[in-house]
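Inspection log for the structure reproduced underneath, given as structure tokens.
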Amino acid sequence: MPKVSIIIPVYNTAPYLEECLFSIVNQTLEDIEILIVDDGSTDGSSDIIDRFSKIDDRIFVIKQENRGQSIARNVALEIAKGDYIYFMDSDDILNKNALSFCLSRCEKEQLDLVFFDADILYEKDSKEICWNYDRSDYFSNESIYSGKDLISEMLDTYSYKAVPWLYFIKAEYINNLKLKFLPNIIHEDELFSLLLFLQSSKIGYLKRTLITHRIRRNSTMSNSFSLFNIECYFKVLRELHSFKENNQEFDEVIDKYTYYTMNAICRSAKLLIYKDRIK
């Protein structure tokens, strides 16, 4: 069994995919499997995936019609054999020592997951986003955190980032939670990541920048804010409050997250067209 399963959904990222895959196949940790889900790409991404799979037998390719990132990740998660899971975006670049650092820390301290930091690479003409993926001022490299307390502190310091490419996760922990990505929405990471953190008592922080995250002109984060964004955030909040009904020990932090999210939605609502803003 491989130590780590890397899950990479791919949809029309041909200009960046080769650099991404090189950063994975050249990891210093070699005991890995690379699960690539080709989610109906039409731009030449499939040819790049096929070429890489022929030269590296650690790569397994799943091809499907376009069904979205959530379903692509869930499909790969069902067949992953690794002791640990890492979710990679197909246009990002992973530090060559990233998986080795994460595995060493998790095994040494028997952690459910470890989180780390990122740099941002802006594509030409992409929209700059005022997000900082450096949490080194807030968290300690030596501490082991409870997820409930950690999320609360992250919300208070505006350092919570829901994106799963900042997490290295024990597969047994995900499986025990029966955790999946909610399909057919955007901002699906918000629900997955919060439930992932909340239910853990053993989370570590690696004070290292281990990934370069690319912001593209047509990426989800660069696209204009719309009513669909709000509908998806509301769906996430409804799911969280349903979870809270049977897990009252998380009441306070879920309410805090709701407050934090509603504030962000209200600030962003000014970007909506008039009729959507009224609705």
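Things to note:
- Label-to-label distance, nm, for residues given as Arg58 and Leu227 (7 Å Cα→Cβ offset): 4.8
- Within the chain: Cβ-based charge dipole about Cα centre, in debye rounded to nearest 20 (Lys, Arg +1; Asp, Glu -1): 560
- Whole-angstrom gap from the range 43-73 to the range 142-213, using each part's C-alpha centre: 25
- Each peptide in 64-75, 35-46 receives the mean, over its residues, of other Cβ atoms within 10 Å, and ordering these scores from highest gives 35-46, 64-75.
- Charge context of Leu113, other residues only, Cβ under 12 angstrom, K/R +1, D/E -1: 0
- Packing here is the average count of other Cβ atoms within 10 Å per residue, and on that basis the peptides 115-121, 188-194, highest first, run 188-194, 115-121.
- Taking every alpha-carbon pair in the range 59-155 and binning the separations at 5 Å intervals from zero gives 2, 8, 16, 17, 19, 19, 12, 6, 1 percent.
- Heavy-atom SASA rank of Tyr260, Tyr274 (probe 1.4 Å, accessible area, largest first): Tyr274, Tyr260
- DSSP beta bridge pairing in the chain, given as percent antiparallel to the nearest 5: 30
- Straightening the chain between Arg267 and Asp50 buys 73.8 nm, computed as 0.36 nm per residue apart minus the Cα-Cα spacing.
- Here the scattering of the chain is modelled by Debye summation over its C-alpha atoms, one equal scatterer each and no solvent; at q = 0.11 Å⁻¹ the log10 of I(q)/I(0) is -0.63.
- Note on the range 1-76: along the principal axes its Cα atoms extend 31, 24, 17 Å, ordered by decreasing extent.
- Extension gain, Ser201-Tyr260: 0.36 nm per intervening residue step, less the Cα-Cα distance, totals 19.0 nm.
- Exceeding the 26 Å Cα-Cα cut-off - candidates Lys63/Lys207; Lys202/Lys235; Lys235/Lys275: Lys63/Lys207; Lys202/Lys235
- Between Glu107 and Thr157, the contour length at 0.36 nm per residue exceeds the Cα-Cα span by 15.1 nm.
- Farthest positive-ward along the range 68-112 dipole, Cα basis, beta-carbon charges - from Ser100, Ile71, Tyr84: Ser100
- The range 52-111 pair-distance distribution - Cα-Cα, 10 Å bins, rounded %: 15, 43, 35, 7, 0
- One way to sum up the overall shape of the range 226-279 is the equivalent ellipsoid from its Cα gyration tensor, whose semi-axes run 26, 11, 6 Å, largest first.
- Anisotropy class of the range 92-246 from Cα gyration tensor, a/c 1.5 cut: oblate
- Using the Cβ of Tyr145 as centre and a radius below 12 Å, the other residues enclosed give a net charge of -2, where K and R count +1 and D and E count -1.
- The orientation-averaged shadow of the Cα convex hull for the range 126-191, equal to a quarter of the hull surface, comes to 6.3 nm².
- All other residues whose Cβ lies under 10 angstrom from that of Asp91 are scored, Lys and Arg at +1 and Asp and Glu at -1, for a net of -2.
The values are calculated or read from the model by the stated rules, or taken from the named source; none is laboratory data. Everything numeric here is computed off the predicted structure, so don't read it as measured data. Glycine also receives a Cβ, built like all others from the backbone with ideal geometry; neighbour counts cover every protein chain displayed. The protein model used for the area step is the full one, side chains on, heavy atoms only, and it has no ligands, DNA or RNA in it. Shrake-Rupley method; radii C 1.70, N 1.55, O 1.52, S 1.80 Å.
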